[in-house]
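Asks: Questions regarding the structure given below will be posed in turn.
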Amino acid sequence: MRFPLSRLSPGGPVVLWGGELPSGGLKYLTFSRYLETVPEGACGLVELSGSSSSLALDALGRERGLPVLALTDPAGAEYLRGHGFGGEVRTVRRLSEAWEVALGYERQGWCWPRQLSNGALIGCVEGWASQLRDFVRDAYPSVRLVVSGFGTGATVVGLHRAFTPQGYEVVGLQPAKGHIVQGWRSWADQNLGAADLFYPHRDDVVLELAGPRTSDGLAALLAYARAEARPEEVLVVAHNARPPFG
């Protein structure tokens, strides 16, 4: 596998451009691996998501000839429609409502990855992240720090498992207090407690806050990397960003 990696400028951070993948996001790699473990015969794909996860499942559903349902709030619905989502979008008011709807579809034979609580997704990330680590080690040997936005937690924990045993540092970036970053969440304010996918790893994986002036994920990650003493040693994992050059 070849990963879309490049530096924006000499001496700047290395960026993994998830937007170059078929669904426009790194979740495509994670759910591709996850669906390999799902028994054949699923009626469709359903998930609680208004961003990258639904876009990834939409792309994978088209590849497999399966319908896709995204359960999200109005802002998420607008985001999905603006990014070419081709499945069905249903807006919900509360997480509990979305959970009950998804559970109903699961009972009808749909595949619901349960991205907020399914620890198996961490192993799916670790699989592609280990390949990424080996590629980075050879192509960008100066990299020592990996920074990614914190969403469900699967990507950050999978990166942590793959990179830290080899001496790298991994940091998950959360939105600044009072700010919203599409696809990110604040662990203190938005979690499922002990049932949350990230809960068992909360003491092991470093989470930090993005700067208060950045509401865009890529901008926040780049600002964090450039504030480091040696930004050339940072790998920015940009879930759905595309490089600004051809």
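Asks: Starting from the range 63-90, take each residue that is farther than 17 Å from Ala102 by Cβ and list its partners that are assigned to a helix (DSSP H, G or I), counting only C-beta distances under 8 angstrom and pairs at least six apart or across chains.
Replies: Within 8 Å, the pairs are Arg64/Leu35; His83/Leu55; Gly84/Leu55; Gly86/Asp58; Gly86/Arg62.
Asks: Something else now. Can you find a residue that is farther than 30 Å from Pro74 by Cβ, touching a residue at least 60 places away in the same chain (Cβ under 8 Å), part of a loop (DSSP other than H, G, I, E, B) and among the acidic types (Asp, Glu) anywhere in the range 203-224?
Replies: Taking every residue of the range 203-224 in turn, none turns out to be farther than 30 Å from Pro74 by Cβ, touching a residue at least 60 places away in the same chain (Cβ under 8 Å), part of a loop (DSSP other than H, G, I, E, B) and among the acidic types (Asp, Glu).
Asks: Within the range 177-189, can you find the residues that are without any contact (Cβ under 8 Å) to a residue 40 or more places away in the chain and either of a type outside the set (S, T, N, Q) or touching a helix residue (DSSP H, G or I) at 6+ places or on another chain (Cβ under 9 Å) (or both)?
Replies: Within the range 177-189, Lys177, Gly178, His179, Ile180, Val181, Trp184, Arg185, Trp187, Ala188, Asp189 qualify.
Asks: Just the residues that are buried (at least 16 other Cβ atoms within 10 Å of the Cβ), outside any helix (DSSP H, G or I) and not polar (S, T, N, Q), please, taken from the range 145-169.
Replies: Answer for the range 145-169, where residues must be buried (at least 16 other Cβ atoms within 10 Å of the Cβ), outside any helix (DSSP H, G or I) and not polar (S, T, N, Q): Leu145, Val146, Val147, Gly149, Phe150, Gly151, Gly153, Tyr168.
Asks: Being among the hydrophobic types (A, V, I, L, M, F, W, C), touching a Lys or Arg at 6+ places or on another chain (Cβ under 9 Å) and surrounded by fewer than 17 Cβ atoms within 10 Å (Cβ to Cβ) is the filter here, so list the residues in the range 170-218 that pass it.
Replies: Trp187, Leu209
Asks: Can you pull out every residue in the range 54-73 that is in contact with a strand residue (DSSP E or B) (Cβ under 9 Å, 6 or more places away or on another chain) and part of a loop (DSSP other than H, G, I, E, B)?
Replies: Leu66, Pro67, Asp73
Asks: Another question, then. Of all residues in the range 231-244, which are in contact with a Ser or Thr (Cβ under 8 Å, 6 or more places away or on another chain) and either assigned to a helix (DSSP H, G or I) or open to solvent by 50 Å² or more (accessible area, probe 1.4 Å) (or both)?
Replies: Glu232, Glu233, Asn240, listed by residue number.
Asks: Being open to solvent by 30 Å² or more (accessible area, probe 1.4 Å) and of a type in the set (A, V, I, L, M, F, W, C) is the filter; apply it to the range 1-20 and report the residue that is nearest to Gly109 (Cα to Cα).
Replies: Here the residue is Met1.
Asks: Pairs under 8 Å by beta carbon, first residue over 21 Å from Pro244 (Cβ atoms) and modelled with pLDDT of 95 or more in the range 18-43, partner among the hydrophobic types (A, V, I, L, M, F, W, C) and surrounded by fewer than 17 Cβ atoms within 10 Å (Cβ to Cβ), six or more apart or different chains?
Replies: Here the result reads Tyr34/Ala120, each pair linking the range 18-43 to a residue that is among the hydrophobic types (A, V, I, L, M, F, W, C) and surrounded by fewer than 17 Cβ atoms within 10 Å (Cβ to Cβ).
Asks: Ok, one more. Residues in the range 88-123 that are open to solvent by 30 Å² or more (accessible area, probe 1.4 Å), in contact with an Asp or Glu (Cβ under 7 Å, 6 or more places away or on another chain) and assigned to a loop (DSSP other than H, G, I, E, B): how many?
Replies: Number of matching residues: 2.
The values are calculated or read from the model by the stated rules, or taken from the named source; none is laboratory data. Please read these numbers as outputs of a predicted model, since none were measured by experiment. Note that we place each Cβ from the backbone using ideal geometry, even for glycine, and neighbour counts take in every protein chain shown. Quick note on the areas: whole protein, heavy atoms, side chains included, nothing else; ligands and nucleic acids left out. Shrake-Rupley method; radii C 1.70, N 1.55, O 1.52, S 1.80 Å.
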